[in-house]
Amino acid sequence: MMIGRHAQQGMKLVLALLAALMLGGCWDKVDLQDIGYLTAIGVDYKDEKFILYGEMVGFSTVAKTEGGGQFSGPLKWIGHSTGDTVLYAFEELAKSSQYQLSLDNLKSLVIHERAMVKMDEILDAMNRQRASRYTVWLFGTRDDLHDFFATDAIFSHSPLVSIMYTPDLMHQQASMHRPLTMQLFLQDLDERAYTTELTNLSSERGKWAADKKALNLNVARGCFLFVNRKKVGYLTEEEMVGLRWVQPDFKKELLSLRVNNKPVTVGVDRVSSRLTSRLQSNSTSFKLRVKLFIHAVELEGQQNDKDIEQSVSDKVKDEIKRTYEAGLLQRADVYQTKLNLYRYHTAFWKKHASSNEWLPGKGDLSIEVTTKLVNTGKYKLK
């Protein structure tokens with residue numbers, strides 16, 4: 001009995017030792033200070049080579065310092081490399097980084113217009129990286145990427161406080177540009193008969209200054225148009241103004257106009273839009289109805305509520321029409337008339353509008369805009 005009990009205890013001890021040997025422990029531990037976290041990547045394509053830019057933001061620029069002091073020193077570090085493929089260019093960037101590069105904290109991907117012919121290769125390479133995620137913000141640009149990333153930060157705060165990293169915050173006060181993650185962009189690209197708009201970010205100097213030094217800051221200006229995964233054109237800021245009135249996630253816009261030859265500013269709080277189609281034997285026409293709910297922001301002189309509503313409706317209608325015609329010149333269906341046929345009139349779409357060359361005619365879209373002034377604030381109207 002005694003021998004059997006000792007044998008049993010010995011067996012338990014052996015099993016415990018074997019289990020301990022199988023534990024991994026911390027042999028592969030990596031200190032955070034030894035890792036370089038890329039927060040943004042820019043991709044260009046020139047002379048049949050991918051040019052990759054990487055931006056790293058130090059933890060000291062993100063974390064709050066004791067006493068509320070500001071970080072002294074560089075706010076960010078920019079590197080670049082070239083390669084025959086995107087991932088090879090990334091590997092070349094890692095060789096000179098002095099750190100183990102990681103995409104675990106990647107927040108934004110910026111693609112130069114020249115590289116958009118390689119959009120499939122770029123997105124495929126990014127998604128093959130385990131650490132990269134579909135939730136990164138996606139932008140296009142026409143600027144030289146070296147200048148694009150060499151922007152300043154207001155208040156010397158973290159570079160993460162910018163439109164490139166938090167476009168959803170800017171969208172709360174101006175709904176012209178719809179923020180797109182890589183996931184939403186791919187969903188739009190793969191939607192049949194859909195025209196996708198990708199925001200163009202530019203770097204502009206002079207709007208803001210610090211100690212009389214002009215700051216270089218990123219701003220949204222215009223958009224690139226994609227159909228069937230191909231870039232088909234580009235709309236300037238002035239050409240795309242009509243798109244804000246059909247945004248599905250509209251938040252807010254200010255509109256400046258003249259009413260009775262006097263300046264007026266109104267805030268647009270809510271917008272609803274609906275596109276319908278009327279089929280004929282071998283052709284179709286479309287009607288876009290838009291309704292706006294506004295409040296008065298600035299009025300000069302005595303104004304009439306009906307005059308303000310009608311003037312706003314006329315201005316918005318003109319913007320929608322100009323954007324529609326500008327899109328047609330780029331071979332793009334910016335108001336998704338083709339998608340309307342595909343979803344609600346499939347048989348007609350298959351027979352008449354399924355080819356890549358089909359577009360609605362210049363006169364095929366009628367526009368109806370109604371405006372409701374719901375709040376005049378402290379202004380008294382006639």
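The values are calculated or read from the model by the stated rules, or taken from the named source; none is laboratory data. Keep in mind the model is a prediction, meaning the values are calculated, not measured. We place every Cβ from the backbone using ideal geometry, glycine too, and count neighbours over all the protein chains shown.
Filtering the range 218-232 for residues that are free of Cβ contacts under 8 Å to residues at least 24 places away in the same chain, assigned by TED's automatic domain parsing to the domain that holds residue 325 and not basic (Lys, Arg) leaves an empty set. Against the test of being under 16 Å from residue 312 (Cα atoms), under 18 Å from the mean Cα position of the chain (by Cα) and buried (at least 17 other Cβ atoms within 10 Å of the Cβ), the options 244, 221 yield a single qualifying residue, 244. Of all residues in the range 270-278, at least one satisfies being of a type in the set (Lys, Arg), in contact with a Lys or Arg (Cβ under 7 Å, 6 or more places away or on another chain) and at pLDDT 95 or above.
Taking the condition hydrophobic (A, V, I, L, M, F, W, C) and under 30 Å from residue 370 (Cβ atoms), does residue 240 pass? Even if it seems obvious, please write down each step before you answer.
Details: hydrophobic (A, V, I, L, M, F, W, C): yes; under 30 Å from residue 370 (Cβ atoms): yes.
So residue 240 passes the test.
Restricting attention to the range 291-350, the residues that are in a helix (DSSP H, G or I), buried (at least 16 other Cβ atoms within 10 Å of the Cβ), among the hydroxyl-bearing types (Ser, Thr, Tyr) and touching a strand residue (DSSP E or B) at 6+ places or on another chain (Cβ under 8 Å) total 5.
If only residues of the range 351-376 that are closer than 14 Å to residue 304 by Cα and not β-branched (Val, Ile, Thr) are counted, the one that is modelled with the lowest pLDDT is 375. Restricted to the range 172-188, and to residues there that are in contact with an Asp or Glu (Cβ under 9 Å, 6 or more places away or on another chain) and not polar (S, T, N, Q), the residue that is nearest to residue 348 (Cα to Cα) is 188. As a summary of the residue check, residue 177 satisfies the conditions (1) in contact with a strand residue (DSSP E or B) (Cβ under 8 Å, 6 or more places away or on another chain); (2) touching a residue at least 60 places away in the same chain (Cβ under 8 Å) except for the one numbered (2).
So, in the range 67-110, of the ones that are of a type in the set (Gly, Ala, Ser) and modelled with pLDDT of 90 or more, which residue ends up nearest to the chain's Cα centre (by Cα)?
Taking the candidates together, the pick is 108.
Among the residues of the range 152-171, those that are assigned to a loop (DSSP other than H, G, I, E, B), at pLDDT 85 or above and not aliphatic (A, V, I, L, M) comprise 162, 165, 166.
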